[in-house]
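A.B. asks: Once you've had a glance at the structure underneath, I'll fire off some questions.
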Amino acid sequence: MSLAEKNCVPCRGGVPSLDADAVAGYLKQLEPGWESPRNHHLVKSYKFPDFKSALAFVDRVGAMAEEQGHHPDLYLAWGKVRVEVWTHTIDGLTESDFVFSAKCDGLAASSSRSGHGHVAGAQVKTQAGNEAASVAPSPVRRRS
């Protein structure tokens, strides 16, 4: 079963966060673009052609977060959404964080296919702010 097919499991605390080897293994199961700074949380930035599309993605992620009982930090800007997720109860990562991340990628892919907002491609920023990679690049209209 893929990560996206699983459900997030509420963490009640008292369990250790995933170690570096486990984090690396789970990262390989996600779409490109996810990073795990200090193996503490997961981060990915998605690019959109406009504010409306970015906001629609935030709305879909928010609805999914409510369904899963797992709530990320979402940062919305014109044409951009950054998702950060970790299990706050243990201040680290659990499998549920990777499940949630995979579901975010599924929402991004489905929004692109369905026409309910268009994901222009996810561009990853490194800690220094440099572009590290692009996923499914396509033309993006620029603001005037």
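The values are calculated or read from the model by the stated rules, or taken from the named source; none is laboratory data. Here the structure is a predicted model, which is why all the values come from computation and not from measurement. Here Cβ is always computed from backbone atoms with ideal geometry, including for glycine, and neighbour counts include all displayed protein chains.
A.B. asks: Only residues that are part of a strand (DSSP E or B) and not basic (Lys, Arg): list them for the stretch 76-87, please.
C.D. replies: Leu76, Ala77, Val81, Val83, Glu84, Val85, Thr87
A.B. asks: Provide a single number: the residues in the stretch 2-28 that are modelled with pLDDT of 95 or more, more than 10 Å from Glu95 (Cα to Cα) and of a type outside the set (D, E, K, R).
C.D. replies: Counting residues in the stretch 2-28 that are modelled with pLDDT of 95 or more, more than 10 Å from Glu95 (Cα to Cα) and of a type outside the set (D, E, K, R) gives 4.
A.B. asks: Regarding Lys28, is this residue in contact with a Lys or Arg (Cβ under 7 Å, 6 or more places away or on another chain), of a type outside the set (Val, Ile, Thr) and surrounded by fewer than 19 Cβ atoms within 10 Å (Cβ to Cβ)?
C.D. replies: It is false that Lys28 is in contact with a Lys or Arg (Cβ under 7 Å, 6 or more places away or on another chain), of a type outside the set (Val, Ile, Thr) and surrounded by fewer than 19 Cβ atoms within 10 Å (Cβ to Cβ).
A.B. asks: So in the stretch 2-21, with the set limited to residues that are closer than 18 Å to Cys104 by Cβ and out of contact with any Phe, Trp or Tyr (no Cβ under 8 Å at 6 or more places or on another chain), which one is surrounded by the most Cβ atoms within 10 Å (Cβ to Cβ)?
C.D. replies: Filtering the stretch 2-21 for residues that are closer than 18 Å to Cys104 by Cβ and out of contact with any Phe, Trp or Tyr (no Cβ under 8 Å at 6 or more places or on another chain), the one surrounded by the most Cβ atoms within 10 Å (Cβ to Cβ) comes out as Ala4.
A.B. asks: For His71, are the conditions met, namely being in contact with a helix residue (DSSP H, G or I) (Cβ under 9 Å, 6 or more places away or on another chain) and either buried (at least 18 other Cβ atoms within 10 Å of the Cβ) or farther than 24 Å from Glu5 by Cβ (or both)?
C.D. replies: No, not satisfied.
A.B. asks: Shifting gears a bit: When the residues of the stretch 22-75 are filtered to those that are assigned to a loop (DSSP other than H, G, I, E, B) and free of Cβ contacts under 8 Å to residues at least 12 places away in the same chain, which remaining residue is nearest to Asp105 (Cα to Cα)?
C.D. replies: Lys28
A.B. asks: I would also like to ask the following. Please specify each residue of the stretch 74-98 satisfying the condition of being crowded, with 22+ Cβ neighbours inside 10 Å and within 10 Å of the chain's Cα centre (by Cα).
C.D. replies: Val81, Val83, Val85, Asp97, Phe98
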